[in-house]
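Each reported figure results from applying straightforward, stated rules to the coordinates on display, with no laboratory input. Everything quoted here is computed from the prediction, not taken from an experiment. Because the Cβ atoms are built from the backbone with ideal geometry, glycine has one as well, and the counts that use them run over all protein chains shown.
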Amino acid sequence: MTSNVTTENSENACVVCFKNVVIYSIGECDHPVCYECSTRMRVLCRQNECPICRQDMPKVIFTTNVQLFRNIKDYTYLMDKKFKICFDNVDIQTAYSKLLEHVCNICQGRPAFRTFQNLKDHMRKEHELHYCDLCVENLKIFTGERRCYTRQELALHRRKGDPDDKSHRGHPLCEFCDQRYMDNDELFRHLRRDHLFCHFCDADGFHQYYSSYDYLRNHFRAEHFLCEEGGCVEEKFTSVFRTEIDLKAHRASVHGRTIGKAATKQSTNT
């Protein structure tokens, strides 16, 4: 039971993925979506909300006929108890199981693997093909939708993306850690969490990061106004100022008293 892509205006189209619906998923809110989208949300994403209205659905029923949930909720069904999915018949349950199978598309007729890791090991050992670990970790898609690569293809995928998929331009690299991240948002979160940035430049829209405070201090010294008198030498972030006037005011209020006390003490000793 496969679904074919159709137009958005089709009455038989899933409102989430726009594919022709063969098997519907129906929950308490009575918003029918295709069983693939429902399985993706409940099993892969572990989210039980309706994708249309966001109402929580304790259970859903997979059926080939659109019906009101209240009219069919008390029937006796085959069921996946873990994900609270009911099946109207054995064929629907089989289609659901096939969605979640880990199958090698090269070895025709070979039984499905018990886990994705088993399939991953098989592809590497038998076919010298590899999955992208970043995509596996972050993309909530079925095993049959995942792509395998040779080593050269995987390196290109990580650096620049796939030639036939212009929406993916590779996994960005953190130059400090020499580690790649799923996308620019993930890289941004990593940089903000694990590296340093200038709060003045950041507020002005310039996002520059530093691997250590020594490099950041050099930036403060070159581009802003850094106080390196007295205890400020050991201070981080709080001893730099946006303007020279702010720096002078700081020196007068903080270090002026220190200088005055030192001068008074020297005069007394003399």
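Can you give the extra length, in nm with one decimal, that the chain gains between residue 75 and residue 53 once fully stretched, where that is 0.36 nm per residue apart less the Cα-Cα distance?
5.4 nm
Taking 18 Å as the straight-line reach from the Cα of residue 248, the aspartates and glutamates in range (excluding those fewer than 8 positions away in the same chain) are 223, 228, 229, 235. To the nearest 10 degrees, how steep is helix 184-194 against the longest Cα principal axis of the chain, on a 0 to 90 scale? Around 40 degrees separate the two axes.
For residue 40, what is the net charge nearby, where nearby means another residue's Cβ is under 11 Å from its Cβ and Lys, Arg count +1, Asp, Glu -1? Local charge sum for residue 40: +1. The dipole here belongs to region 116-169: it is taken about the Cα centre, uses +1 on the Cβ of Lys and Arg and -1 on the Cβ of Asp and Glu, and is about 200 debye.
Which links in 59/98; 19/98; 98/166; 82/140; 140/166 stretch past 22 Å when you go from one Cα to the other?
Working: 59/98 20 Å; 19/98 18 Å; 98/166 29 Å; 82/140 18 Å; 140/166 19 Å.
Pairs exceeding 22 Å: 98/166.
How far is helix 116-127 tilted off the main Cα axis of the chain, in degrees rounded to 10, range 0 to 90? Rounded to the nearest ten degrees, it is 90. A Cβ-based charge dipole, computed about the Cα centre of the chain with Lys and Arg at +1 and Asp and Glu at -1, lands at about 600 debye. Compared with the dominant principal axis of the Cα atoms in the chain, helix 213-223 is inclined by about 60°. Between 122, 250, 130, the GNM of the chain built on Cα springs shorter than 10 angstrom shows 250 fluctuating the most.
On a C-alpha basis, how far is the centre of region 221-243 from the centre of region 30-107 in Å? Whole number, if you could? First find each Cα centre; the distance between them is then 60 Å. For residue 142, the shell of other residues with beta-carbons less than 11 Å away shows a net charge of +1, using +1 for Lys and Arg and -1 for Asp and Glu.
How charged is the neighbourhood of residue 122? Take every other residue with its Cβ under 15 Å from the Cβ of residue 122, and add Lys/Arg as +1 and Asp/Glu as -1. If you can, show how the numbers build up before the last one.
Values: positive: 110, 114, 120, 124, 125, 146; negative: 101, 121, 126, 128.
In short, +2.
Projecting the Cα atoms of 215, 201, 17 onto the charge dipole of the chain (Cβ charges, centred on the Cα centre) puts 215 farthest toward the positive pole.
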